[in-house]
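One structure is given here, and the rest of the page talks about it.
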Amino acid sequence: MDLPVTVCWGERDTWIPPAKGEELASLIPGARLRTIPDAGHLVPLDAPARLLAALLTFLTD
């Protein structure tokens, strides 16, 4: 079953670098990577409004 997937990753994640987000997204057919500016590892805490905007875009596309 194909399901839409968006991988959200903090642009400034120093625990797990954004390159790992790219790798993860590449392993899921059709997945999109959304890097969240000014966010580290804890994206919902670091940039809640930007994460919400990315998720709303995903849900409305």
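The values are calculated or read from the model by the stated rules, or taken from the named source; none is laboratory data. Since the model is a prediction, treat every value here as computed from it, not as a measurement. No Cβ is skipped: glycine too gets one built from the backbone with ideal geometry, and neighbour counts run over all protein chains shown. The accessibility values were calculated without ligands, DNA or RNA, using every heavy atom of the protein model including side chains. Shrake-Rupley method; radii C 1.70, N 1.55, O 1.52, S 1.80 Å.
Here are a few things to note about the model shown:
- Estimated at 0.36 nm per residue, the fully extended path between residue 3 and residue 60 surpasses their Cα-Cα distance by 19.1 nm.
- Computed over the chain, relative contact order equals 36 percent, with contacts defined as Cα pairs under 8 Å that lie 6+ residues apart.
- Highest average packing first - 13-19, 34-40, 44-50, 55-61, Cβ atoms within 10 Å: 34-40, 44-50, 13-19, 55-61
- For the chain, the per residue solvent-accessible surface stands at 72 Å², with DNA, RNA and ligands left out and a 1.4 Å probe.
- Taking 4 °C and 1.567 mPa s as conditions, the chain diffuses translationally at an estimated 110 µm²/s according to Stokes-Einstein applied to its Kirkwood radius (Cα pairs).
- Accessible area of the chain belonging to carbon and sulfur atoms, whole % at 1.4 Å probe: 62
- Here the gap between residue 53 and residue 41, fully extended at 0.36 nm per residue and compared with their Cα-Cα distance, gives a gain of 2.6 nm.
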